[in-house]
1. With just the Cα atoms defining each centre, how far is the range 57-98 from the range 99-121? Give it in Å.
2. Please list 18-31, 87-100 highest first by mean number of surrounding beta-carbon atoms within 10 Å per residue.
3. For Leu34, Leu44, what ranking results if the residue with the fewest other Cβ atoms within 10 Å of its Cβ goes first?
4. Under 1.5 on a/c is rounded, so check that first for the range 27-126, then, if it is not, pick prolate when a/b is larger than b/c and oblate when it is not; a ≥ b ≥ c are the square roots of the alpha carbon gyration tensor eigenvalues.
5. If we sort 117-125, 141-149 on the protection proxy, mean other Cβ atoms within 10 Å, highest first, what's the order?
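Nothing in this text is a laboratory measurement; each read-out follows from the coordinates by a stated rule. Source: prediction; values computed, not measured. Cβ sites come from the backbone with ideal geometry, for glycine too, and all protein chains shown count toward neighbours.
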Amino acid sequence: MRAQSELAAHQKKILHVDNHIGISIAGLTADARLLCNFMRQECLDSRFVFDRPLPASRLVSLIGSKTQIPTQRYGRRPYGVGLLVAGFDDMGPHIFQTCPSANYFDCKAMSIGARSQSARTYLERSMDKFSDSNLNDLNVSIGIVGKDMEFVIYDDDDVAPFLEGLEERPQRKVSPPADEPAAAAAPAGPEVPDEPMEH
């Protein structure tokens with residue numbers, strides 16, 4: 001593995017889209033910023049035209065349509081980024097995965113990025129244990145969205161007090177109802193240099 005330059009800066013991997021939606025990225029951050037700006041514009045358009053937030057499933061469908069176009073044209077390259085989209089709408093909490101191939105999936109839990117298979121295996125095996133899980137694991141960033149709650153990102157030092165407060169409360173023995181906030185955190189993907197998107 002190549003040594004990192006002292007001048008290299010940390011790239012944020014969790015981005016705010018709207019009050020009810022946020023994304024986590026793995027891949028080319030320049031492509032992710034383009035798609036994030038597109039998603040923000042679609043959410044603003046929905047609020048302006050329909051006076052309501054854009055449903056998460058509709059937004060992911062729009063992303064699928066947008067990312068599918070370059071896969072059919074010889075003059076453009078596909079978007080080189082995978083997204084985890086966490087949102088809360090009238091249908092409850094959602095986590096969607098989008099791929100550079102323009103496929104998208106509705107998931108209960110998902111991880112993306114380099115070495116994500118071991119995290120995915122852990123999520124599959126531990127789905128039933130999450131209601132009894134311990135919060136002593138190292139967390140870098142947490143994104144939370146829920147009913148009557150805007151999308152919030154907790155980074156670095158902001159994570160510790162949040163987790164300590166949760167540990168002091170008694171743990172639930174049953175899964176939470178669908179109207180409580182949903183949380184999604186994705187492992188950071190590999191650092192990839194930004195490349196401009198061709199139009």
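1. 13
2. The densest-packed peptide leads the list: 18-31, 87-100.
3. In order of increasing Cβ crowding within 10 Å: Leu44, Leu34.
4. oblate
5. Top to bottom by mean Cβ count within 10 Å: 141-149, 117-125.
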